[in-house]
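One structure below.
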Amino acid sequence: MKKLVVVTGIPGTGKTTVCNEVEKIAEKRGKEVKTVNFGTVMVELAKKRGKELHRDDIRKHSIDFQQKLQIEAAKKIMEKAKNVKGCLIVDTHMVIRTQEGYFAGLPHRVLQILNPEIFILIEATPEEILTRRFKDADRKRDKILEEEVLEELSFSRFFAASCASLTGAPVKIVKNPDGKQVEAAKEILKLLVEE
């Protein structure tokens, strides 16, 4: 199996749900796949620094604060990776919408630490994304329009291409239409298991 992979998608694509399905299917097949959420690690690290933050509030802080947290989170994730015998999925965002504009979810320094073997972009239609965001009561989502979702999807692909260029790792786009998360998870699992 691949050792470390990055699964990304803009908010509302269902990437965390798909990652959870990958773990379940892998376990049934006797394969070890663990998922770590990059944002959750960042929240835990911020808490240790005395900052109680909701994960959706991190992007409202300074870029410098976010960058330091990202590097620290990447190091923490690599510590966890040592204890995983199979594959570790890093569930994160390729791009983050900040007050200053779009910011890399995986800047160069973070990529150097993680050194992923593949980038997997989870995508859905803008309509599906907006519906999912609206239904997700646990998150503090910005209210945005369909054309802004299209822009986010485009930027996510642009940033993925940059990450692929910097690391030499390929990028695979996996579609996650409503009700098809198991199929998306099976497609991802095929990418993780080397024949």
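Residues in region 29-41 that are open to solvent by 20 Å² or more (accessible area, probe 1.4 Å), under 17 Å from Val110 (Cα atoms) and touching a residue at least 24 places away in the same chain (Cβ under 8 Å): Asn37 alone. Testing Ser154 on (1) within 19 Å of Val171 (Cβ to Cβ); (2) out of contact with any strand residue (DSSP E or B) (no Cβ under 6 Å at 6 or more places or on another chain); (3) in contact (Cβ under 8 Å) with a residue 60 or more places away in the chain, one condition comes back false. Which one is that? Unmet condition: (3).
Within region 56-77, how many residues turn out to be under 19 Å from Val90 (Cα atoms) and touching a residue at least 24 places away in the same chain (Cβ under 8 Å)?
We begin by selecting, within region 56-77, every residue under 19 Å from Val90 (Cα atoms); these are 56, 58-59, 66-77.
This time we only want the ones that are touching a residue at least 24 places away in the same chain (Cβ under 8 Å), so: 56, 59, 66-67, 69-77.
The total comes to 13.
Mind listing just one residue for me: the one in region 14-25 that is surrounded by 24 or more Cβ atoms within 10 Å (Cβ to Cβ) and touching a helix residue (DSSP H, G or I) at 6+ places or on another chain (Cβ under 6 Å) and, of those, nearest to Glu148 (Cα to Cα)? Only one residue fits best here, namely Val18.
Of all residues in region 168-195, those being open to solvent by 40 Å² or more (accessible area, probe 1.4 Å) and either touching a Phe, Trp or Tyr at 6+ places or on another chain (Cβ under 8 Å) or on the phi > 0 side of the Ramachandran plot (or both) number 5.
Just a yes or no: is a residue in region 141-150 modelled with pLDDT of 90 or more and more than 15 Å from His93 (Cα to Cα)? Yes, region 141-150 contains at least one residue that is modelled with pLDDT of 90 or more and more than 15 Å from His93 (Cα to Cα). Step by step: first the residues of region 143-167, then only those that are over 17 Å from Val7 (Cα atoms) and of a type in the set (D, E, K, R), then the one that is least open to solvent (accessible area, probe 1.4 Å). Which residue is that? The selected residue is Glu148. Report whether or not Ile120 is modelled with pLDDT of 95 or more and in a helix (DSSP H, G or I). It is false that Ile120 is modelled with pLDDT of 95 or more and in a helix (DSSP H, G or I).
Looking at the structure I just gave you, is Leu153 in a helix (DSSP H, G or I) and either out of contact with any Leu (no Cβ under 8 Å at 6 or more places or on another chain) or of a type in the set (A, V, I, L, M, F, W, C) (or both)? Judged against the criteria, Leu153 is a match.
When the residues of region 90-121 are filtered to those that are out of contact with any Leu (no Cβ under 8 Å at 6 or more places or on another chain) and hydroxyl-bearing (Ser, Thr, Tyr), which remaining residue is least open to solvent (accessible area, probe 1.4 Å)? In this case the residue turns out to be Thr98. For region 45-89, what are the residues that are among the acidic types (Asp, Glu) and surrounded by 14 or more Cβ atoms within 10 Å (Cβ to Cβ)? Result: Asp56, Glu72. Within region 50-90, if we keep just the residues that are at pLDDT 80 or above and β-branched (Val, Ile, Thr), the residue that is farthest from Leu114 (Cα to Cα) turns out to be Ile63. Among the residues of region 47-71, those that are part of a helix (DSSP H, G or I) and polar (S, T, N, Q) comprise Gln66, Gln67, Gln70.
The values are calculated or read from the model by the stated rules, or taken from the named source; none is laboratory data. Remember, predicted model here, so these are calculated numbers, not experimental data. Note: ideal-geometry Cβ built from the backbone for every residue, glycine included; neighbour counts use all protein chains shown. Note: areas computed on protein heavy atoms with side chains; ligands, DNA, RNA excluded. Shrake-Rupley method; radii C 1.70, N 1.55, O 1.52, S 1.80 Å.
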